[in-house]
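To keep things clear, I will list the structure first and then write my remarks on it.
The values are calculated or read from the model by the stated rules, or taken from the named source; none is laboratory data. These figures come from a predicted structure and were not determined experimentally. Cβ sites come from the backbone with ideal geometry, for glycine too, and all protein chains shown count toward neighbours.
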Amino acid sequence: MRLLLLFFVLIGCLNTVLAQTSVIQGIVKSGEKPIVFASIAVLNSRFGTSSDTEGKYQIEKLPAGKYILMVSALGYSSVNKNITIDENQVLNIDLELLEVSSAINEVVVSGTMKEVSRLASPVPVEVYSPAFFRKNPTPSIFDALQNVNGVRPQLNCNICNTGDIHINGLEGPYTMILIDGMPIVSGLSSVYGISGIPNALIERVEIVKGPASSLYGSEAVGGLINIITKKPQNAPAFSGDIFSTSWGELNTDFGFKFSAGKTAEVLTGINYFKYGNRIDNNRDLFTDVTLQDRISVFQKWNFNRKENRQFSLAARYNYEDRWGGDVTWDKSYRGGSERYGESIYTNRWEMLGTYQLPIKEPVMFSWSLNDHDQNSVYGNTIYEARQKVAFYQLSWDKKIKNHDLLFGSALRYTFYDDNTPATALPNGQNNTEGVWLPGIFVQDEIALAEKHKFLLGIRYDYNSNHGNILTPRFAYKWIFNENNILRLNAGTGFRVVSLFTEEHAVLTGSREVVITEQLKPERSYNANLNFIKKIYFDSGNFIGIDASAWYTHFNNQIIPDYFSNPNQIIYSNLQGYAVSRGLSANFDLTFINGLKVIAGTSLLDVFSKNESLDKRIRPFLNEKWSATWGISYKLENLNLGLDYTGNIYGPMRLPRLGELDPRSEESPVWSLQNIQFTFTGLKKIELYGGIKNLLNWTPGKNEPFLIARSNDPFDREVQTDASGNVVPGPANPYALTFDPGYVYAPNQGIRGFMGVRLIIK
């Protein structure tokens, strides 16, 4: 009887509790567009949910009281809303978010190796979502970065279209490329490895400008680019994107996910790119753009574990066949001296994973393996190279009072083998190299007060060729208020040089490579001042300002000498110093009427100074100023979006071959501009199209030629004197040798494009 009575008492209590609970529901949207998978959390409570495929959400069993509702979604500014709810009330609240392509409140990991909001990070990190890149669709991340302020994809060869990514005026070897925090793309793969990452898998791209070697080690000298892939649980069930251009390019990108029982969620991405049109608009009898056939497959597994511990595995395979050169070339001429062509076969695979140890403390084990095999010919120069990289990292995140500590150890092994004559053994055999690079690091993020935060870090590495390397780091963040933030960062960086894996220009043409000394690691010292300003207007409009000033000083910088001997490229450490300094500002404007403007500008002063010369030397292919923009407007009644994107660059110093070379010493001001229309009136389908390179800008318009002596690529008619210097003659009036390195902008002119995008949630 007592048990029965107790049962009824419990039922009564339960009914009372239930009677005192309430419900919050509504729709999360931006304008008239619902936002799917938005996160809705009741702060300081266990209550929360996410929006469904129609943007709807519901939080049940919420006790009566006053709360703060926080709403966030990728590519949108977060919103906090104060609410009061009574007992048994069903409260309808629709939540409006503003699209912010730079994702000013986005979660980032690149600055400190920890998941924090961008505003909370003491290190400035720029974030770009897929929505940003869809404003100007491209077949690769390399091309997509052309509209990021201070970041420039630079082509280094007019024939094979090799390229690297410049950050703040520093060349590609100073930029580290990461995938999910792992140093996947480096050395040999720095030229071609960033191509073919399926766009369907990209969650966001994080960019840190300035040295990050205290956390990431070698190569993170000028900055880093971290490509974050989607978690399977957050990805749509299926996504597809296909577009083609009037030049004959075809890019297909697919992504889909499935569940492997209750064990794991699996995400697969496939990218295929094809271009086979031999266009020669500048009439030099060479292809204007390399022909390519590329396929890339990426798969990621997220395993379900107790207590939500992390465990993920991913793998990618990439194959590419590209060539450029004589428009009549085919593979039967590969490696011969009859017709000139540059043909590159790339086979590459990658594996990476993250595993959280099953212990109380948050200890993460991360690892990656990659193998890059390149079989290439540059005319009759055969270049075969293989690089294998193994990497592991163990990190421990520990909070003690006001200290947020990070301890870590890392080990990197790089195996490299190529057939470059300049690095061969005396007997002519390949000089294979295996380099160990172990390191340890510690970082302490100190919250001294609510508005003040310090970060101290230091890393020790030991290189098997160069010995001990120490890289300290300092950061300070002052939060005036939630809309005004000041950051000061200072640190050092280092780069262990792998010359022939990065300088593919030495393989083209017919120059001899000369290395005058044992090359030392490059060192850098950097200071960066960053200020973020957010302005919210009562009208609903928003302006975000992100401004920076930086100064970087280099020792032992490696600079190629193209001028001492026109038949040679001479490499040595700079006997002096080099400097990169400048100012940059990004502007993010969002208006309630649907107009969005993203713009940025950078002023650069980059130079080197040799101890023996009393003058500054400006490096090649380095602009003094640049600007980027993206203007978007949505016609809601027509379901039509308009995107106008572009960039503009100031003059660059160009690599001429001598005083008689008739080509310009500096590039003119040049700009690439694009326009796109997107129709969203069909369920789950987007149709888009537009024009790329609206101004039809190509570098050959103002020059007599781009490729030196394309009529004689094997230098059969080049005459030299007793010292080996080229002398002018009737067949060679400008005293030139064959060289395709005079390039600063793509040779691809105006073209239309059309595409279709399908997303099934």
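Tabulated data
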| quantity | calculated |
| --- | --- |
| Any hit, the stretch 329-350, residues being surrounded by fewer than 17 Cβ atoms within 10 Å (Cβ to Cβ) and among the aliphatic types (A, V, I, L, M) | no |
| T737, sole failed condition from (1) farther than 25 Å from G336 by Cβ; (2) among the polar types (S, T, N, Q); (3) part of a loop (DSSP other than H, G, I, E, B) | (1) |
| K615 part of a strand (DSSP E or B) and either farther than 30 Å from V127 by Cβ or of a type in the set (V, I, T) (or both) | no |
| Scope the stretch 517-535; condition surrounded by fewer than 18 Cβ atoms within 10 Å (Cβ to Cβ) and among the hydroxyl-bearing types (S, T, Y); matching residues | Y525 |
| Qualifying positions in the stretch 226-262 - surrounded by fewer than 18 Cβ atoms within 10 Å (Cβ to Cβ) and under 30 Å from L406 (Cα atoms) | K231, Q233, N234 |
| Residue in the stretch 233-250 that is closer than 30 Å to A527 by Cβ and either in contact with a strand residue (DSSP E or B) (Cβ under 6 Å, 6 or more places away or on another chain) or of a type outside the set (D, E) (or both) present | no |
| Within the stretch 173-225, considering residues that are among the β-branched types (V, I, T) and modelled with pLDDT of 80 or more, the one surrounded by the most Cβ atoms within 10 Å (Cβ to Cβ) | V208 |
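A quick yes/no check of all residues on (1) more than 27 Å from H553 (Cβ to Cβ); (2) modelled with pLDDT under 80; (3) part of a strand (DSSP E or B):
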| site | (1), (2), (3) |
| --- | --- |
| L411 | yes, no, yes |
| F415 | yes, no, yes |
| G428 | yes, yes, no |
| N431 | yes, yes, no |
| D444 | no, no, yes |
| R473 | no, no, yes |
| F480 | yes, no, yes |
